[in-house]
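Reading through the structure tokens given below for one structure.
Here, each number is a calculation from the coordinates, and none is a lab measurement. Keep in mind that this is a model prediction, so the values were computed, not measured. Neighbour counts are summed over all protein chains in view; Cβ atoms, including those assigned to glycine, are modelled from backbone coordinates with ideal geometry.
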Amino acid sequence: MTTLTTVLTYGTFDLFHIGHLNLLRRLSQLGDKLVVGCSTDAFNEKKGKRTVVPFAHRREILESIRFVHKVIPEESWEQKRVDILREEVSLFAMGDDWAGKFDELKDICQVIYLPRTRDVSTTEIKQLVAAMHGENVLELKRIVERLKAITDSF
């Protein structure tokens with residue numbers, strides 16, 4: 001009887017980008033089945049994170065990826081051990097920005113950390129959008145001031 005290798009990872013997957021896709025593709029190549037835990041909005045709030053894209057949409061995006069076999073909600077840090085046992089996971093994998101953080105799970109499965117895609121992160125995208133928004137607000141204020149000066153001259 002052949003044993004399937006199930007790979008499990010977790011993430012927020014907000015503002016889904018090529019780095020997310022690269023990670024999931026690489027993880028899918030490490031086993032027969034890829035299970036993805038997607039952080040719920042409530043769990044992100046507990047972590048002090050605010051997402052742009054709501055959980056239901058992020059889940060639907062993940063479910064539409066052909067090499068993702070199952071998406072489960074991530075509602076707490078503590079659930080990982082239970083999820084590993086329930087899903088019969090042989091390999092738990094995360095991006096290397098989490099290196100060492102989940103080594104305590106090595107007693108029930110293999111744990112690895114993969115390199116992140118260079119030059120792309122959700123945090124950086126959010127910072128760029130915020131900066132662009134700030135620049136636009138300043139430009140709008142300048143335009144309004146010029147328009148006000150023009151209308152005051154009449």
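For Ile112 and Leu4, a Förster radius of 22 Å and the Cβ-Cβ distance give a FRET efficiency of 0.80, rounded to the nearest 0.05. Placing dummy labels 7 Å off each Cα toward the beta-carbon, the span from Asp103 to Arg66 is 3.9 nm. Taking all Cα pairs closer than 8 Å and separated by 6 or more residues, the relative contact order of segment 1-127 comes to 31 percent. Take the residue pairs Lys46/Lys106; Lys47/Lys70; Lys33/Lys106 and return only those whose Cα atoms are more than 22 Å apart. Beyond 22 Å between Cα atoms: Lys46/Lys106; Lys47/Lys70. A Förster radius of 25 Å, combined with the Cβ-Cβ distance separating Val52 from Asp32, puts the computed FRET efficiency at roughly 0.15.
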